[in-house]
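Below is one structure, written out as structure tokens; comments come after it.
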Amino acid sequence: MTSSSATSSSHPSNSSSDPTNNPQETGYDPNARWTNYWNILTGRMTPAGQLAFREDAYIRNEAADCKRCDEWRDWCFQYSPTVIFLKKNIEALNGDLNATNVRCRRCPTRRDEEGKLHRQGGGFSPDHGILICANEMRDRKHLEDTLAHEMVHAWDHLRWKVDWADLRHAACTEVCLLS
């Protein structure tokens with residue numbers, strides 16, 4: 001055991017995502033970078049520890065993730081045939097999507113009523129535009145697919161006047177994307 005992990009186990013965790021984290025119970029010590037990797041690989045980190053480890057990494061890398069996401073988003077608006085096609089069709093319905101309403105941000109993992117964890121790549125809101133979850137984007141192609149998916153929701157909203165509170169409307173826009 002290194003001196004940094006010995007000290008951290010007697011002090012409260014400085015985990016940004018989970019201030020109640022106890023390294024002795026979860027196997028996640030925010031002060032012991034390589035030990036955490038080893039604990040994950042050898043199965044000595046609990047699911048709660050792994051969640052705290054991942055969320056803390058997202059927080060640490062937020063600025064870099066958002067910067068990379070913004071660059072990929074701008075590239076898609078300039079060069080992606082799919083995104084350009086959807087943008088033109090949204091403009092034809094008097095809509096506008098651009099860097100001011102397609103935002104890259106860090107999205108925290110959420111837990112549902114049953115305790116299951118959910119991550120998302122993005123979302124569409126008629127009032128706010130499109131959100132791209134920068135911390136979930138694996139590469140530019142993943143961002144392009146996510147952006148195109150959310151742009152279809154924007155087009156559906158403008159073309160069909162989707163009532164997002166009506167689950168049948170929301171289901172229809174998702175099912176139509178899968179066909």
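Of the beta bridges DSSP finds with both residues in the range 1-150, what % are antiparallel, to the nearest 5?
Values: 6 of 10 bridges.
Just about 60 percent of them are antiparallel.
If I ignore ligands, DNA and RNA and count only protein heavy atoms, how much of W72 is accessible to a 1.4 Å probe, in Å² to the nearest 10?
50
Under a point-charge model restricted to the Cβ atoms of Lys and Arg (+1) and Asp and Glu (-1), what is the dipole moment magnitude of the chain relative to its Cα centre, in debye to the nearest 20?
340
Within the range 110-179, report the trypsin sites (Lys or Arg not before Pro) that DSSP leaves as loop and that have at most 16 other Cβ atoms within 10 Å.
K116, R119, R138, K161
For K87, give me every one of the lysines with a C-alpha distance below 16 angstrom, ignoring sequence neighbours fewer than eight places off in its own chain.
Hits, sequence-local ones excluded: zero.
Give the accessible area for M151 in Å² (nearest 10); use a 1.4 Å probe, count only protein heavy atoms, and leave out ligands, DNA and RNA.
Its accessible surface works out to 0 Å², give or take rounding.
Please check: in the Gaussian network model of the chain (C-alpha springs, under 10 Å), which one of A57, A154, A32 has the largest mean-square fluctuation.
Of the options given, A32 has the highest mean-square fluctuation.
Kirkwood-based Rg over Rh for the chain (C-alpha set), two decimals? Mind dumping the intermediate values first?
Numbers: Rg = 20.2 Å, Rh = 18.5 Å.
Ratio of gyration radius to Kirkwood radius for the chain: 1.09.
Calculated from DSSP H runs of 4 or more alone, at -39500 (n - 2.57) each and per residue, what is the 222 nm mean residue ellipticity of the chain, nearest 500?
Numbers: 8 runs with 98 residues, N = 179.
-17000 deg cm²/dmol, from helical runs alone.
Using a probe radius of 1.4 Å on heavy atoms only, what accessible surface per residue do you get for the chain? Whole Å² is fine. List each step's numbers first, then the result.
Working: 11110 Å² over 179 residues.
Value returned for the chain: 62 Å² of accessible area per residue.
From the cross-link list K116/K161; K116/K141; K67/K88, which pairs have alpha carbons spaced over 30 Å apart? Walk me through the numbers on the way to the answer.
Working: K116/K161 32 Å; K116/K141 27 Å; K67/K88 25 Å.
Check vs 30 Å cut-off fails for K116/K161.
When the accessible area of the range 38-162 is split by element with a 1.4 Å probe, what percent falls to carbon and sulfur? Please report the intermediate quantities before stating the final value.
Values: 3800 of 7310 Å².
That fraction is 52 percent.
The values are calculated or read from the model by the stated rules, or taken from the named source; none is laboratory data. All values reported here derive from a predicted model rather than from experimental measurement. We place every Cβ from the backbone using ideal geometry, glycine too, and count neighbours over all the protein chains shown. Quick note on the areas: whole protein, heavy atoms, side chains included, nothing else; ligands and nucleic acids left out. Shrake-Rupley method; radii C 1.70, N 1.55, O 1.52, S 1.80 Å.
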